[in-house]
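Remarks on the structure that follows.
Just so you know, all these numbers are worked out from the coordinates, no wet-lab data involved. Because the structure is predicted, anything quoted here is derived from the model rather than measured. No Cβ is skipped: glycine too gets one built from the backbone with ideal geometry, and neighbour counts run over all protein chains shown.
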Amino acid sequence: MKYAVGASVLLAVIGGCGVREIHHGPAAEAPTPGPAPATGGPPGTTTTPAPTPTPAGPSPAEPILAEAGAPAGRADGGAVQPPPGGGVGVTINGVFVPRARAVVILHIGHSNMAGRATGPGELKPYFYDTDPHLWTYGKGQFQPAREPTAPDNEAGQAAGPGMALLRSALAAGPPDTFVVSIGHGHSGSFGGTCSAFRKGGLLYDVAMKPALELKGRVTYAGVFTMFGQSEHNAPANQQRAFLDCLSGMAAEMRGDLGEPELPFVVGDYEAGITRAGIEPTSAFARPIIAQLQMVPGKIPRSALIPTTGLPMEDDHHFNMAGHKLWADRGIKLLLDHGWAPWVAPPPQAP
């Protein structure tokens, strides 16, 4: 089913923000974070600068996507060259990573996913320090992962849950695991609702196009979502069909990736919201929460991340501690359900 997207969603693609943030200059698509400093947090400010044009080819300092001679910009992202002895996987920074050890986390949602967290300060290294086994993928390139991993390029851009998902997944796997983020968060004020991320919606391809470039060469760990509070900007009929929207999203993403049993992990409504009109006890939130509670029974191989007790940055966004706990709970759900094949060593050849 195609989902029509109105003018408010169009504004989302050219620049949006959190529920009370202001729109800044145009950006044709969400920027890919550049190489990170070795330590600390965002230098001097949490505001994401306007994206710079993607260079024609990687500089010597950029990650190497493929073996020498692989054409740039091809449909497979230039990242699927096998080693001389054969095998299926991806080449990251000159290292061939077999499919079983190349773990991709897809994460989408509203502004909380895009990233608004600026503290506490002691957690900044967790979100901003790079790791040779943690990467983002987009625009045909792997980049060292750091926040924001799923930005919507607006004032106040800061940390979301992406880096915490990567670190938690990496901690669960063998030492040779590489974990890759492919994600996009988008303010609910500018169209970051469930329907916009459906197939045919304006935001579906932002995450799915790079994910499909790696199809068959990586292990998809799961889809992690943050939706719910953003639906207050959606029409009433879409609010009533929120659960059906999530179910359709899971089916579409699984179908396109050829992964019918891909885990679909949904964040519960943010229990710590205090903003009037969307707080958990509000007339808007109660039906949304009721539908979220039905996710595990409605969508096969799905789970709901509880949000009780997660610290908040402001009246509707998690802070870094909240994102870390959210991500840890999400990865634990995969482990508890036996949905994390990358945690086991590969079978030994006879």
Taking Cα centroids, how far is segment 242-267 from segment 117-150 in Å? 25
Under the Karplus relation with 6.51, -1.76 and 1.60 and θ = phi - 60°, whole-Hz ³J(HN,Hα) for segment 324-330, x at Gly and Pro, equal 5, 5, 4, 5, 4, 5, x
Listed by chain and number, the residues whose amide H is under 5 Å from that of Tyr220, excluding neighbours fewer than 5 places away on the same chain and using placed H, are Val104
Peptides 319-327, 336-344, 96-104 ordered by average Cβ neighbours within 10 Å, highest first: 319-327, 96-104, 336-344
If amide H atoms are modeled at 1.01 Å from N in the peptide plane, then the residues at a separation of 5 or more from Asp131, or on another chain, having amide H under 5 Å from its own are Ala145
Would you mind checking which residues have amide H under 5 Å from Phe318's amide H? H placed 1.01 Å from N; only 5 or more apart, or other chain. Glu313
To the nearest 0.05, what FRET efficiency results for Asp131 and Asn237 with a Förster distance of 51 Å applied to their C-beta separation? 0.70
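To two decimal places, what compactness ratio does segment 232-285 give when its Cα radius of gyration is scaled by 2.2 N^0.38 Å?
1.42
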